[in-house]
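The values are calculated or read from the model by the stated rules, or taken from the named source; none is laboratory data. Worth saying up front: this structure is predicted, and the values here are computed from it rather than measured. Backbone-built Cβ (ideal geometry, glycine too); neighbour counts: all protein chains shown. When the accessible area is computed, the model is the full protein with side chains, heavy atoms only, and any ligands, DNA or RNA have been set aside. Shrake-Rupley method; radii C 1.70, N 1.55, O 1.52, S 1.80 Å.
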Amino acid sequence: MLRPDATSEPIYADAAPASLRAWVDVDLDAIRRNAARLRARAGVPIVAMVKADAYGTGMLPVVRALGAGFEGQPHAATEGPWAFGVATLDEAATLRDAGCSARILCTSPLSIADLPDAHRLDVTPALHRADDIAAWAAVGGSAWHLAIDTGMSRAGARWDDVAALAPTIRMHAPEGVFTHFHSAELDDGSRQHQEECFARARASLHSALPAGVLVHSDNSAAIAAREAGSPGHLARPGIGLYGSNVVRALGLEQVVHLRARIIDVRDVLDGESVSYGATWSARGTRRIATVALGYADGYRRALSNRGHAIVRGQCVPVAGTVTMDMTMLDVTDVADGCAVGDIATFIGRDGSDCLWTDDVAAAAELSPYELLVGLRLRLPRRYRSDA
Ligand SMILES: *Cc1c(COP(=O)(O)O)cnc(C)c1O
């Protein structure tokens with residue numbers, strides 16, 4: 001569960017105000033370095049996926065950290081992402097309201113009723129139906145990307161049916177054309193199969209697509225899977241920016257550090273139980289610390305009797321069921337004891353030890369995406385950046 005993290009400096013666990021109950025430290029410098037690594041590996045500019053509040057880390061601070069696009073801040077076109085990727089118009093509106101002038105690509109389908117707002121917000125939509133493409137042109141929309149379904153069966157035009165769009169595309173040319181992989185993290189040939197379908201779809205449209213149309217496909221796992229860089233003109237990493245899923249493949253850094261305060265310490269006698277359902281019982285006298293963190297904060301109930309925390313530099317197990325607002329730890333073995341007010345780290349780094357998002361998610365039988373996105377708004381975010 002505990003693996004050393006040699007990739008960056010320890011980040012303060014102890015510099016939090018005593019009034020903080022539970023919080024998430026987000027290492028913006030680590031996000032920036034992860035973006036640079038993904039960009040270098042892909043060999044093409046990236047669309048930084050910041051949907052779902054940047055996977056729970058906080059969309060606006062992340063977009064600012066990744067550089068540019070905010071008024072008063074020079075746009076570093078060579079360094080910053082080519083665009084930011086969102087899934088909803090509300091997310092795009094939040095970025096525009098905050099003064100973000102960068103390009104915004106919305107990769108999820110919008111309804112026709114949303115297209116006037118998308119135009120007003122200067123969003124580049126992903127479209128795949130002739131009616132939508134015509135409606136986009138009718139509201140005065142310009143750049144759009146053609147989504148092609150090569151096996152995800154979620155959104156986009158079927159790869160073997162896309163030629164039907166040729167007349168529409170000839171009238172309203174897309175700026176880009178893309179697909180999305182369903183299992184790029186598996187070495188099972190499915191990505192290669194989807195690439196083949198994607199190539200055939202483009203070939204079936206070739207005279208309709210403009211020369212220089214921007215081709216893109218790679219999510220974080222696909223970027224990690226390739227030695228020779230991403231094909232096409234762009235790549236769209238999400239989870240890798242936030243230090244997860246492809247961490248081992250690319251040497252990315254932990255970004256998210258979930259911490260909470262110890263609010264009680266007590267001795268539990270031999271045979272006595274801890275928490276709902278009495279799923280944990282003491283063998284001999286055990287020292288139990290109660291921490292101000294529960295599933296209402298996003299520390300999932302599935303981590304009952306499975307999760308761990310770092311307390312005073314030691315890794316200790318969760319004892320019993322995670323409750324809505326509190327979680328108990330067996331701190332009997334913490335060498336110098338622990339006290340009310342101490343900080344427990346449930347995800348991320350404290351000192352030289354790290355509980356990696358991927359390992360915590362695996363312990364909960366969750367995807368790292370769900371674990372990160374599920375960190376609730378009740379948790380304040382604190383941002384660290386030396387830049
Ligand atoms: C979310 C998303 C991504 C990012 O995928 P990761 O696995 O998080 O890197 C890329 N493209 C599309 C269309 C997406 O919806």
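If the condition is being more than 9 Å from the ligand (Cβ to nearest atom) and buried (at least 24 other Cβ atoms within 10 Å of the Cβ), then the range 231-258 contributes Gly243, Val247, Leu252, Gln254, Val255, Val256, His257, Leu258. Here Gly284 clears all of (1) surrounded by 15 or more Cβ atoms within 10 Å (Cβ to Cβ); (2) in contact with an Asp or Glu (Cβ under 6 Å, 6 or more places away or on another chain) except the condition numbered (1).
All conditions in (1) without any contact (Cβ under 8 Å) to a residue 24 or more places away in the chain; (2) loosely packed, with under 15 Cβ neighbours inside 10 Å hold for Met171, with the sole exception of (1).
When the residues of the range 130-157 are narrowed to those that are exposed (fewer than 15 other Cβ atoms within 10 Å of the Cβ) and of a type outside the set (A, V, I, L, M), which ends up farthest from Gly99 (Cα to Cα)? Among those residues, the one meeting the criterion is Ser153.
What number of residues within the range 183-230 are within 13 Å of the ligand (Cβ to nearest atom), acidic (Asp, Glu) and surrounded by fewer than 22 Cβ atoms within 10 Å (Cβ to Cβ)? Residues in the range 183-230 being within 13 Å of the ligand (Cβ to nearest atom), acidic (Asp, Glu) and surrounded by fewer than 22 Cβ atoms within 10 Å (Cβ to Cβ): 1 in total. Out of the range 147-203, which residues are in contact with a strand residue (DSSP E or B) (Cβ under 8 Å, 6 or more places away or on another chain), of a type in the set (A, V, I, L, M) and assigned to a loop (DSSP other than H, G, I, E, B)? Listed by number, the list holds a single entry, Ala155. For the range 107-129, filtered to residues that are assigned to a helix (DSSP H, G or I) and of a type outside the set (A, V, I, L, M), the residue that is most open to solvent (accessible area, probe 1.4 Å) is Arg120. When every residue of the range 309-317 is checked against the conditions, none turns out to be open to solvent by less than 20 Å² (accessible area, probe 1.4 Å) and either in contact with a helix residue (DSSP H, G or I) (Cβ under 9 Å, 6 or more places away or on another chain) or farther than 20 Å from Thr357 by Cβ (or both). Can you find even one residue in the range 291-304 that is farther than 11 Å from Ala260 by Cα, touching a Phe, Trp or Tyr at 6+ places or on another chain (Cβ under 7 Å) and surrounded by fewer than 17 Cβ atoms within 10 Å (Cβ to Cβ)? The answer is yes, given that some residue of the range 291-304 is farther than 11 Å from Ala260 by Cα, touching a Phe, Trp or Tyr at 6+ places or on another chain (Cβ under 7 Å) and surrounded by fewer than 17 Cβ atoms within 10 Å (Cβ to Cβ). Filtering Val340, Val322, Val360 for residues that are crowded, with 22+ Cβ neighbours inside 10 Å and part of a loop (DSSP other than H, G, I, E, B) leaves a single hit, Val322.
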